[in-house]
Amino acid sequence: MGGFSALVQLIVMIIVGYYFILKLKNDSSGEREAAQEAKGEAEKLNALRHIRLNEPMTELARPGRIADIIGQDDGVKALRAALWGANPQHVLIYGPPGVGKTAAARIVMEDIKRSPDTPFEKNAPFIEADAAIMRCDERGFADPLIGSVHDPIYQGAGAYGIAGVPQPKAGAVTKAHGGILFLDEIGELPNEQINKLLKVLEDRRVILESSYYSRKNRKIPVYIRDIFDNGLPADFRLIGATTRKPEEIPEAVRSRCVEVYFNPLSRADIVRIITEAALRCGAAIDNGVREIIADYSSNGREAVKLLQSAVNVAKMEGRPVVSVSDAKWVVEAGHCKKNKETPLKPNEKITKISFVKPEG
């Protein structure tokens, strides 16, 4: 009887041992396959990172200094005044598309860091977000603006999911902590998001909640405990830009912000933008090209795009200089509508030039 029992135990041990050998073999094989797949994907990603296209003229022509911002002297000064010094304020910028709202905010942010008593540090972040696409999941699973919590039920079999630990995810307001949050098209932000944003502006932190969080759960890491108990830091200054009218923006937002106005560009402003864009991008243009493009452009962005097309037409035909006929063809082929004559500003005139070409 004892011999039979020993035989059974031996068979069981062999079976168990064989099972673990197979499992170890499969695990090792799976790890090798996963490693090979990860290596292949990493190589693909690295190859993608080495592919770069030239920047379009609209990017190359972006202002790099305050002096480069055309037609918005009062708006830029008001923006600087709101952010300069020891007590920077939240700002709302009104203005049509393509007049320099985003560029001005970026440049002014760098400028105000030189203020002797500014609270912004040299490495203060400037976070850009588009309110038109800032949507949050109804379950609170994803909120790129305010922040969210990935509960274990949605995390799958990850380390936190298995341990039943809720995982906080910082939003744009926390990424902007200590700096500027530039919220483009703030007028498109849903009311629910506006209310959350106003609460963050008031508290200077984000409070997150989860039914899976318990102080008694010792598996929860200290930093996650700290986030749920004290919130995520979100002390920043808001710059909201909008193409809407002031009365279309919630009063609760307007009351917390200094309101700054960027004006539509005059025809002379657009001509200057075309001239400077051509010089920066090394494009030679004949006399009359600027005026034709300005006739069919309502803002700087449109003007530079038309100039880019005209430059490309000339290059396709092997000519070094953009001609009037190139500009006419571009506006006609694009079915562009001619603008109503925009009056010049006081003491403003269009400088006459016969030829624009890059220096050197």
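The values are calculated or read from the model by the stated rules, or taken from the named source; none is laboratory data. In this text the structure is predicted, and so the values were computed from the model without any measurement. Virtual Cβ from ideal backbone geometry, glycine too; neighbours counted across all protein chains shown. To get the accessible areas, we keep the full protein, side chains included, count just its heavy atoms, and leave off ligands, DNA and RNA. Shrake-Rupley method; radii C 1.70, N 1.55, O 1.52, S 1.80 Å.
For every residue, the table says whether it meets (1) of a type in the set (A, V, I, L, M, F, W, C); (2) on the phi > 0 side of the Ramachandran plot; (3) surrounded by 11 or more Cβ atoms within 10 Å (Cβ to Cβ).
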| position | (1), (2), (3) |
| --- | --- |
| R52 | no, no, no |
| A61 | yes, no, yes |
| A82 | yes, no, yes |
| G85 | no, yes, yes |
| H90 | no, no, yes |
| A104 | yes, no, yes |
| E110 | no, no, yes |
| P116 | no, no, no |
| P119 | no, no, yes |
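I need the full set of residues from region 272-299 which are under 19 Å from K337 (Cβ atoms), out of contact with any Lys or Arg (no Cβ under 8 Å at 6 or more places or on another chain) and open to solvent by 40 Å² or more (accessible area, probe 1.4 Å), in order please. Passing the criteria: only S298. Answer with yes or no whether E302 is acidic (D, E), within 30 Å of P88 (Cβ to Cβ), in contact (Cβ under 8 Å) with a residue 12 or more places away in the chain and open to solvent by 60 Å² or more (accessible area, probe 1.4 Å). Here the answer is no, as E302 does not meet what is asked.
Scanning region 320-360 for residues being at pLDDT 85 or above and on the phi > 0 side of the Ramachandran plot gives a total of 1. Taking (1) assigned to a helix (DSSP H, G or I); (2) open to solvent by less than 10 Å² (accessible area, probe 1.4 Å) in turn, Q308 satisfies each apart from (2).
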